[in-house]
């Protein structure tokens, strides 16, 4: 089964919660591509989960991989024994890059198990997803969504463009969400009211110049301070026609919004010829 990826067109942090999570006011936008591929196979001779994946940086221990954690969470919620399973994971979404790859993988495994066993209600499935991470519930039914709480409350947003002119720049190094949240300027974030509704209205009108003004990521300042490469990439993309360049999620992937397809394609062609292959440029579908 194919997963999907996402970007945060806005990520405003409004409070830190007693449970350690942060309250968000965010707009999630999914992409069909890049996506991972997940295949579940029975292994009746074994009791437990085996993860197979060739991508570097992906933990193969089931208790450390969201695919394996998803199996355990589903079985715990359903009150059933863990079946013998081999999970084949083919990674195309950059790892720990702020695009939701791991969360999407976990949610996809939950869906595959639900298709097989039908052991949980939708609300139980959502609870199991949230136990894996704040972004995971979104990927159970990914569509453009207004997201609040720690990520567990998501309201579908209708009327957005089906294809946004976005170019992604993904440096090939990971950044953990925990690091990004730990180093953010919380007071700066909570003192600035979110403008997500204005962003949504601008996108519905296809007014991308206005939309660019309302895009925001409260985590990005720490990443720009820590990683000078991100500043170079942002400057390059702005010089090549981007209306707005910012970090997606907890980074380090940058998303650049363009006015039209020709500008995005030209920036992509120039970027892939001028930058080291250690930076992966993606025109998502």
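Structural remarks
- Those strands (runs of 3 or more DSSP E) of segment 1-83 in which 2 or more residues are without any contact (Cβ under 8 Å) to a residue 40 or more places away in the chain and surrounded by 12 or more Cβ atoms within 10 Å (Cβ to Cβ) occupy 49-52.
- When the test is whether a residue is modelled with pLDDT of 95 or more, over 18 Å from residue 22 (Cβ atoms), outside the structural domain of residue 236 (by TED's automatic domain parsing) and touching a strand residue (DSSP E or B) at 6+ places or on another chain (Cβ under 7 Å), residue 104 passes it.
- Whichever residue in segment 7-22 is out of contact with any helix residue (DSSP H, G or I) (no Cβ under 7 Å at 6 or more places or on another chain) and at pLDDT 95 or above and, among such residues, is nearest to residue 195 (Cα to Cα): 11
- The sole residue among 165, 203 that is modelled with pLDDT under 95, over 17 Å from the mean Cα position of the chain (by Cα) and surrounded by 19 or more Cβ atoms within 10 Å (Cβ to Cβ) is 165.
- Residues (assigned to a helix (DSSP H, G or I) and either without any contact (Cβ under 8 Å) to a residue 12 or more places away in the chain or surrounded by 14 or more Cβ atoms within 10 Å (Cβ to Cβ) (or both)) located in segment 254-265: 262, 263, 264, 265
- Evaluation of residue 126 against the conditions (1) under 27 Å from residue 10 (Cβ atoms); (2) in contact with a strand residue (DSSP E or B) (Cβ under 9 Å, 6 or more places away or on another chain) shows that the sole unmet condition is (2).
- Output for segment 225-241, where each listed residue is exposed (fewer than 15 other Cβ atoms within 10 Å of the Cβ) and in contact with a strand residue (DSSP E or B) (Cβ under 8 Å, 6 or more places away or on another chain): 238
- If you go through segment 70-83 and keep only what is touching a strand residue (DSSP E or B) at 6+ places or on another chain (Cβ under 9 Å) and at pLDDT below 95, you end up with 82, 83.
- Residue 93 more than 15 Å from the chain's Cα centre (by Cα) and buried (at least 18 other Cβ atoms within 10 Å of the Cβ): no
The values are calculated or read from the model by the stated rules, or taken from the named source; none is laboratory data. Predicted model only: the values in this text are computed from it and were never measured. In this analysis, Cβ positions are derived from the backbone assuming ideal geometry, glycine residues included, and neighbour counts consider all displayed protein chains.
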